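One structure is given below, encoded as structure tokens.
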Amino acid sequence: MNLQNAITLFSPRNFVCALFMSMLSACGGTSDEGHVVTVDGVSMDKTIDKTGPYDLEVTGARNDVTVAAGNTVLRLSVAGLNNRIFVLKTTTVERIELDGSGNTVYVPVGFKSRISRNGNNNDVVER
């Protein structure tokens with residue numbers, strides 16, 4: 001590596017860009033206010049396990065969210081890009097609302113819920 005390549009590689013601009021990208025690798029959080037649980041961020045892996053009926057809102061991008069067995073979700077709202085939601089057996093979801101693009105909700109075979117789809121490439125998959 002010559003001196004010019006080394007200066008370019010370790011420039012302040014490249015350092016700031018690398019720092020920013022590393023912060024995006026898994027940022028965001030979960031909030032639980034009353035009967036609404038919100039998952040908002042990028043590349044997060046969360047399991048939601050809450051007693052009593054609640055609404056679950058998932059936004060952001062590339063999040064993997066698991067709804068624990070035995071939970072009762074009144075409204076599951078998924079927006080953003082490429083989020084994956086895993087609904088386990090014995091979980092009840094009254095209504096699923098899909099917005100954004102590339103979001104997928106995985107449910108047990110035979111699962112029943114009211115479903116509304118907006119955006120594109122959003123799907124509910126039985127498995």
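For this structure, a couple of remarks:
- Note on region 28-126: antiparallel DSSP beta bridges, both residues inside, total approximately 15 percent of the bridges counted.
- For region 39-52, putting each phi into the Karplus relation 6.51 cos²θ - 1.76 cosθ + 1.60 with θ = phi - 60° gives couplings of 10, 9, x, 10, 6, 9, 10, 10, 10, 9, 9, 9, 7, x Hz, in residue order, rounded to whole numbers and with x for Gly and Pro.
- Here the 3J(HN,Hα) profile of region 72-83, calculated from phi with Karplus coefficients 6.51, -1.76 and 1.60 at θ = phi - 60°, is 10, 9, 6, 9, 9, 10, 10, 10, x, 10, 6, 8 Hz, Gly and Pro shown as x.
- Cut-off 9 Å between beta-carbons: net charge of the residues surrounding Ser43, Lys and Arg +1, Asp and Glu -1: -1
- Proximity of backbone amide H atoms, modeled 1.01 Å from N, is registered between Gly102 and Asn82, Asn120, Asn121, Asn122 at under 5 Å, excluding neighbours fewer than 5 places apart on the same chain.
- Gap separating the Cα centres of region 84-126 and region 36-77, nearest whole Å: 12
- Mean Cβ neighbour count within 10 Å, used as a protection proxy, ranking 87-96, 115-124 highest first: 87-96, 115-124
Every number in this text was worked out from the coordinates using simple rules, so none of it is lab data. From a predicted model like this one, the values you see are computed outputs, not experimental measurements. Counting neighbours? That spans all protein chains shown, and the Cβs are built from the backbone with ideal geometry, glycine included.
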